[in-house]
Amino acid sequence: MLGLPRSTEVNRRVAKEKIYANTTMTTQLRDIIKNQIESIIWRNKLSDTTVGLAPGEDVKEIQVFEISLRQRGLDKRVLTAINKAIPYKILFVLTFENVAQTWIEASGTYYNSDWFRIDGSTLKLDGLNLDTVYENLARHIAGGRLDTEGDIAEAVEKDKLRQKLEREIAGLEKKIVREKQFNKQVELNGELKRLNKKLEELQ
């Protein structure tokens with residue numbers, strides 16, 4: 001899958017019952033898994049023995065799980081539940097018909113790629129050990145939202161702040177359009193300029 005070496009292939013089905021047994025979840029989440037997921041397949045294992053990359057301090061192995069969907073989309077809480085049930089880092093590949101989408105967790109935040117045609121798509125393993133490979137996968141999947149250099153946790157916090165500012169700016173712009181009082185518009189525009197300046201400093 002995704003052009004990974006044959007030495008990494010596992011291709012073993014993961015029973016949904018194993019996920020249920022290894023993590024605490026609500027009846028609602030069980031129903032979501034039952035209704036939205038056709039199958040879960042452990043496709044690949046990236047480790048020192050399968051790709052010749054040294055384990056990192058945090059990442060000892062990276063598992064690649066294909067989740068075959070019954071519709072185009074999945075409740076993100078399912079990924080969190082699977083991550084809790086499996087004691088390794090996971091790269092999720094959601095597939096629906098002939099398209100796929102990759103998901104990965106970095107510092108408690110999930111990032112996903114756009115949907116792409118799975119045929120001929122390849123995944124680049126970039127790094128000297130599995131820590132850096134995993135971080136670079138996260139940066140690639142995030143599609144430019146995370147800084148390409150520096151600490152990944154800091155990059156995630158910076159991205160969260162950027163998104164928060166973007167939401168505040170969008171809300172303020174709508175408020176300015178609705179505001180009838182000139183003095184209030186001036187005040188809101190001043191706040192908008194301040195937020196835009198903070199956003200520029202983060203870019």
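Here, each number is a calculation from the coordinates, and none is a lab measurement. Source: prediction; values computed, not measured. All Cβ positions, glycine included, derive from the backbone under ideal geometry; neighbour counts span all protein chains shown.
Observations, loosely collected:
- Neighbourhood charge, 12 Å Cβ-Cβ cut-off, centred on V99 and excluding it, Lys, Arg +1 and Asp, Glu -1: -1
- Charge dipole magnitude, Cβ of K and R +1, D and E -1 - segment 82-168, Cα centre, debye nearest 20: 220
- Taking other residues whose beta carbon is less than 13 angstrom from the beta carbon of Y20, and scoring Lys, Arg as +1 and Asp, Glu as -1, yields +3.
- Distance from segment 89-126 to segment 138-166 (C-alpha centre basis), Å: 17
- Farthest toward the positive end of the dipole of the chain, out of N136, L74, V99, is the Cα of L74, where the dipole comes from beta carbon charges about the Cα centre.
- Crossing angle, helix 130-142 versus the chain [Cα axis fit, 0-90 degrees, rounded to tens]: 50
- For N44, the amide hydrogen comes within under 5 Å of the amide hydrogens of V10, N11, V64, counting only partners 5 or more places away or on other chains and with H modelled in the peptide plane.
- Sequence-distant residues sharing a close amide H with A106 (under 5 Å, placed H): Y111
- Partner lysines whose Cα lies under 27 Å from the Cα of K18, excluding those fewer than 8 positions away in the same chain, are identified as K34, K45, K60, K76, K84, K89.
- The charge dipole of segment 19-70, taken about the Cα centre with unit charges on the Cβ atoms of Lys, Arg (+1) and Asp, Glu (-1), comes to about 260 debye, rounded to the nearest 20.
- In angstrom, the C-alpha Rg and Dmax of segment 9-146 are 14.6, 42.
- Amide H contacts of G56 (H built 1.01 Å from N, in plane; Pro and chain starts excluded): L130, D131 sit under 5 Å, all sequence-distant by 5 or more or on other chains.
- Local electrostatic count, F65, Cβ distance below 15 Å [Lys/Arg +1, Asp/Glu -1]: +4
- Averaging Cα coordinates gives a centre for segment 1-31 and one for segment 47-87; these two points are 8 Å apart.
- Per-residue ³J(HN,Hα) for segment 158-163, Karplus 6.51 cos²θ - 1.76 cosθ + 1.60, θ = phi - 60°, Hz, x for Gly and Pro: 5, 5, 4, 5, 4, 5
- The chain: relative contact order in percent, alpha carbon pairs under 8 Å with at least 6 residues between: 16
- Reachable aspartates and glutamates from K158, criterion Cα separation under 16 angstrom, eight or more residues apart if same chain: E105, E135, D147, E149, E166, E168, E200, E201
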